[in-house]
Structure formats: structure tokens, C-alpha cells
Amino acid sequence: KAGVTQTPRYLIKTRGQQVTLSCSPISGHRSVSWYQQTPGQGLQFLFEYFSETQRNKGNFPGRFSGRQFSNSRSEMNVSTLELGDSALYLCASSLPSGRQDEQYFGPGTRLTVT
Amino acid sequence: QKEVEQDPGPLSVPEGAIVSLNCTYSNSAFQYFMWYRQYSRKGPELLMYTYSSGNKEDGRFTAQVDKSSKYISLFIRDSQPSDSATYLCAMTYTGRRALTFGSGTRLQVQP
């Protein structure tokens, strides 16, 4: 079974620009979560989508947004990029079933803001 | 104070050693506990998933959860150079989709 795929893998943007990252979950998985990983803050939760609806949101500014499509693929967008947005952005998918499900991560998109 | 504390290491051990990795947490609501392994420039890989207290074994890996002490551990037996990676603990509770991660412990297994 194919894992979580993320595109692009690497991205370089300039301050003030916007960026869109894409995530395709494991086949059959309907929940997609996004995380930001930086050396200073570690892994931090951005938001989670299920059935095209945002169910949970972390403590990030409104410049960070996302959406999910009917095929469960998800995109996240960051507008007005800041230098501090440089990070590894990770997508994780899970089923979910009735209990707390295991989350499986993709390889990430490494974003560099200059 | 962070909800989840994890010693960043690095932890250096010789090949074949038993490795012990640990996390402590402050939120007693946490029920589900995970260990992820992350190689450099890769995404985290789920190693172990446990619910509530107790032990779980999978091959060379054993996860322990002590909810009374708010302490979780991952043991790696017969460690191999290929085990060299950063190990992240993560936890959550029913209804909360977000995982709370420790900062990760960097492990180096010397051949």
C-alpha cells in the first residue's frame, strides 16, 4: 500500500509570497493532519481535516489555511510568508475509526523562506 | 513548562546495547502514546502505539507506559547502526486529533 505522499518536497520562496503544499493520504484514509517541524519548536499541530471539514486547529495565525477535497487529498496554504515560516511541513493521515487512530506521516515539504 | 518533556541527547551507544528512551508528561488526560522514528530529512515513522498503561512488545522494541508516574519509555534491544535516528514520543487523548510531541532524542549507535 502506498504511503502518504507530499509535493513538492522542497520549496524556496521569498518573504511576502504565498505557497501551497499538497498531501495525498494513504488509500482509504479520510483524516489528514498537518504539522510544522522546526528545530526550535519541534513538531507542532496546524490543523486536521475530515470529510472536507476542518475539525481541529492549532495555535497558528490565520495566514495558515488548508482544505480537503472529496478524494481526501489536502492542501495547505501559507500567505504573506515570513522568514520564521521556514520549516518542514508534514502531513499525516489516519482512517479514522471509532477510537483514536494511528497517524502515518509523509516525507514532508521543506520550505525555505528567504 | 512543556506538556511533554524529552531529553534531546545525543545518546551514543555501541552496537548491540540496550537503549532506553524516555518521556515525561504533565497532562493526565493523555491516553494514547506513540513512538516515532525520524531519519534525517525524512518524515516520522510510527514505531509503537499503546493505549493506557502497560507494556507492548514488537520485535526488538518494547514500549512501556506508567500513567501513575506520567512516564513512558521505549526500549531497543540489540541496537543496530540502522537504529541511529531521532526518536519522538507523541501522545493524545480520545477526541483530540492533534498529537503532542516531545522534542525528540537523537540516538547514535556506533558499529
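Near A:Gly84: Cβ cut-off under 14 Å, other residues only, Lys/Arg at +1 and Asp/Glu at -1. The net charge is +1. Which shape class applies to the range B:33-99: rounded if a/c is under 1.5, otherwise prolate when a/b exceeds b/c and oblate if not, where a ≥ b ≥ c are the square roots of the Cα gyration tensor eigenvalues? In terms of gyration-tensor shape, oblate. A convex hull fitted around the alpha carbon atoms of chain A yields 97 Å³ per residue.
Relative to the Cα centre, the charge distribution of the range A:13-114, modelled as +1 at Lys and Arg Cβ and -1 at Asp and Glu Cβ, gives a dipole magnitude of about 140 debye. With both partners inside the protein assembly as shown, how many of the DSSP beta bridges are antiparallel, as a percent to the nearest 5? Just about 90 percent of them are antiparallel. Computed from the alpha carbon atoms alone, the convex hull of the protein assembly as shown holds 127 Å³ per residue.
Only the coordinates and a few stated rules stand behind these numbers; no lab work does. As the structure is a computational prediction, the values presented were derived from the model and not from experiment. Neighbour counts are summed over all protein chains in view; Cβ atoms, including those assigned to glycine, are modelled from backbone coordinates with ideal geometry.
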